[in-house]
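Enquirer: I'd like to ask some things about the structure below.
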Amino acid sequence: MVFSSLTFLFIFLPIVLVLYYCSPRRFKNLLLFLTSLLFYAWGEPIYIVIMLFSTLMDYTFGLLLGSTKFSSTGRKVIVVISITFNLLLLSFFKYVNFLIENINILLGTSFPLTELALPIGISFYTFQSMSYIIDVYRGTVKVQRNWIDFGTYVALFSQLVAGPIVQYKTIAEQLRNRKESIEHFAIGIRRFTIGLGKKVLLANNIGILWNTISNSNIETLPMLTAWLGIIAFAFQIYFDFSGYSDMAIGLGYMFGFRFNENFKYPYIAQSITDFWRRWHISLGTWFREYVYIPLGGNRRGLMLQFRNIFIVWLLTGFWHGANWNFVFWGLYFGIILLFEKWWGLKLLSQIPRWMRHIYAILLILIGWVLFSLDNLELIFGYSKALFGLNNQAIWNQETLYLGYTNVVLFLFLITFSMPLKKWPKEHSVLNLGWYGFLFLLSVAYLVDSTFNPFLYFRF
């Protein structure tokens, strides 16, 4: 089940909200835990066992870390075992086929691939559980002794499937002492509606253009058509994922939670460093706090800092998927960030803002080629088309047609990629009408359309 489905909007969410606000305070987390399990089981009933097993194990590891029976060395052993368990669980479902495929290629063997589907959201809830264990070990959070509360944290449906990655310390206090209010509920509705509009009206529509171009013959793709396609993908993944994050944050408000922001207008970035401070902020924060800083961060000299950045971005790429294109995508941005850290940012500071912006956007778009196509041959062919190296025309009639028929959509995409002053004013009649219109328009699209993908399901 996805947030942008009629089942969720008109059956699941209304029922859960009614039950939640009718429940006594002491049962609210239990209700959220059970309904979150139902939400997860809706798509993959069998994998609910894996999530519950993972939750129970990390809950147990947390209790062990909180025990006074273990020495410092014993606690280190516990946290290592916990992290190893989580990584092995994630690797088994996400990376084992990738490993088998590469062994077969290297050794000429024919080991069969597993037929296991990737459990939805496993990358997100595994990282959340690991953040809890590490923070308990560090002493920055208290041990959660109530299994229902811990299960609610891990399984909470509002951000279970695709984040944002919520660190336990962010909502530890909220699990027991949050307060709901009409004002915050209204904020949640507005934020959810904005996210729904982003996903349904913008991401889905521009995604059709990307599908059309990416499924065409890459060898005969005109240069401008290739650029049109990758720009379409850039908008699709942004409005798809940021829309989901907006809906998750909005749902959090409805149930009394406050989640951190996950996007801050990344396409206005002036550098790649700036871009990654604005894109998927929760993932970047996780890698910084639990990988980069423990490796030494920038405290041990420039060369070790470069090593740490390289490791983080290799892992970031691999986290996104079990395919070489994601590894290369991570390394691509890692190399650019190393360049900027060394002397690139100083160079950029000496040129006009519009040139810095063009620099960032061009590198981001090239990076999306690596990200969007999982076949290295397709990536090479598409890259050739981008730079006019495939001996094709710069544009053709189809380019003009695709550009002309999507010009209004592109204007909306560009506009809503930038910070806008709040309009209309909150609590006004015009405000209510605007959000109501946006919701109805999104629902009308869902009723009429069969194209409703969610890109981050694959991660």
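One line per residue, one yes/no per condition, for (1) among the polar types (S, T, N, Q); (2) in contact (Cβ under 8 Å) with a residue 60 or more places away in the chain:
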residue: L160; (1), (2): no, yes
residue: Q174; (1), (2): yes, yes
residue: I189; (1), (2): no, yes
residue: F192; (1), (2): no, yes
residue: V200; (1), (2): no, yes
residue: T212; (1), (2): yes, yes
residue: N217; (1), (2): yes, no
residue: S242; (1), (2): yes, no
residue: S245; (1), (2): yes, yes
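Enquirer: Just give me the residues in the stretch 1-44 being among the aromatic types (F, W, Y), under 25 Å from A203 (Cβ atoms) and out of contact with any Leu (no Cβ under 9 Å at 6 or more places or on another chain), in sequence order.
Expert: Step one: filter the stretch 1-44 for residues among the aromatic types (F, W, Y), giving 3, 8, 10, 12, 20-21, 27, 33, 39-40, 42.
Add one more test, that the residue is under 25 Å from A203 (Cβ atoms), and what stays is 3, 8, 10, 12, 39-40, 42.
Scanning the stretch 1-44 gives F8, F10, W42.
Enquirer: Within the stretch 375-402, track down each residue that is part of a loop (DSSP other than H, G, I, E, B) and either under 15 Å from F328 (Cα atoms) or touching a residue at least 24 places away in the same chain (Cβ under 8 Å) (or both). Talk me through it step by step, then tell me what you get.
Expert: In the first step, residues of the stretch 375-402 are kept if they are part of a loop (DSSP other than H, G, I, E, B); the result is 375, 387-396.
Once the filter is applied, which keeps residues that are part of a loop (DSSP other than H, G, I, E, B) and either under 15 Å from F328 (Cα atoms) or touching a residue at least 24 places away in the same chain (Cβ under 8 Å) (or both), the stretch 375-402 yields N375, F387, G388, N390, Q392, A393, I394, W395, N396.
Enquirer: Could you tell me which residue of the stretch 227-244 is farthest from L201 (Cα to Cα), considering only residues that are crowded, with 24+ Cβ neighbours inside 10 Å and in contact with a Gly (Cβ under 7 Å, 6 or more places away or on another chain)?
Expert: Y244
Enquirer: Which of the following residues is hydrophobic (A, V, I, L, M, F, W, C), at pLDDT below 90 and over 27 Å from R26 (Cα atoms): L116, L160? Write out each step before concluding.
Expert: Values: L160 fails: over 27 Å from R26 (Cα atoms).
After ruling out the rest, the residue left standing is L116.
Enquirer: Can I ask one more? From the list L106, L118, L89, pick out the single residue that is out of contact with any Ser or Thr (no Cβ under 9 Å at 6 or more places or on another chain), surrounded by 14 or more Cβ atoms within 10 Å (Cβ to Cβ) and of a type in the set (A, V, I, L, M).
Expert: Values: L106 fails: surrounded by 14 or more Cβ atoms within 10 Å (Cβ to Cβ); L89 fails: out of contact with any Ser or Thr (no Cβ under 9 Å at 6 or more places or on another chain).
Unique residue meeting the criteria: L118.
Enquirer: Say whether the condition of being under 28 Å from R191 (Cα atoms) and not assigned by TED's automatic domain parsing to the domain that holds F98 is met by at least one residue in the stretch 327-347.
Expert: Filtering the stretch 327-347 down to residues under 28 Å from R191 (Cα atoms) leaves none.
The answer is no; no qualifying residue exists.
Enquirer: Does any residue of the stretch 294-313 turn out to be under 13 Å from the mean Cα position of the chain (by Cα) and under 28 Å from K94 (Cα atoms)? Give the steps one after another, and end with the answer.
Expert: Let us first name the residues in the stretch 294-313 that are under 13 Å from the mean Cα position of the chain (by Cα), namely none.
Among the residues of the stretch 294-313, not one is under 13 Å from the mean Cα position of the chain (by Cα) and under 28 Å from K94 (Cα atoms), which makes the answer no.
Enquirer: I'm checking my understanding of the structure. Among residues of the stretch 290-299 that are under 25 Å from L87 (Cβ atoms) and free of Cβ contacts under 8 Å to residues at least 24 places away in the same chain, which one is surrounded by the most Cβ atoms within 10 Å (Cβ to Cβ)?
Expert: Per the criteria, the residue is Y292.
Enquirer: Which one of these is in contact (Cβ under 8 Å) with a residue 40 or more places away in the chain and buried (at least 24 other Cβ atoms within 10 Å of the Cβ): Q144, Q128?
Expert: Going through Q144, Q128 in turn, the sole match is Q128.
Enquirer: Related question: Report, by residue number, each residue of the stretch 157-205 that is closer than 30 Å to L402 by Cβ and part of a loop (DSSP other than H, G, I, E, B).
Expert: The one that is closer than 30 Å to L402 by Cβ and part of a loop (DSSP other than H, G, I, E, B): A162.
Let's see how each residue does on (1) within 25 Å of V16 (Cα to Cα); (2) hydrophobic (A, V, I, L, M, F, W, C); (3) assigned to a helix (DSSP H, G or I); (4) not assigned by TED's automatic domain parsing to the domain that holds A248:
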{"position": "L116", "(1), (2), (3), (4)": "no, yes, no, yes"}
{"position": "F124", "(1), (2), (3), (4)": "yes, yes, yes, yes"}
{"position": "S129", "(1), (2), (3), (4)": "yes, no, yes, yes"}
{"position": "Y132", "(1), (2), (3), (4)": "no, no, yes, yes"}
{"position": "V136", "(1), (2), (3), (4)": "no, yes, yes, yes"}
{"position": "K142", "(1), (2), (3), (4)": "no, no, no, yes"}
{"position": "G151", "(1), (2), (3), (4)": "yes, no, yes, yes"}
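Enquirer: Something else: May I ask you to say which residue of N86, N102 is part of a helix (DSSP H, G or I) and more than 26 Å from M51 (Cβ to Cβ)?
Expert: N102
Enquirer: Scanning for something modelled with pLDDT under 90, over 19 Å from T152 (Cα atoms) and of a type outside the set (A, V, I, L, M, F, W, C), does the stretch 44-53 turn up at least one residue?
Expert: For the stretch 44-53, residues modelled with pLDDT under 90, over 19 Å from T152 (Cα atoms) and of a type outside the set (A, V, I, L, M, F, W, C): absent.
The values are calculated or read from the model by the stated rules, or taken from the named source; none is laboratory data. This one's a predicted model, so the numbers in the text were calculated from it and none came from an experiment. No Cβ is skipped: glycine too gets one built from the backbone with ideal geometry, and neighbour counts run over all protein chains shown.
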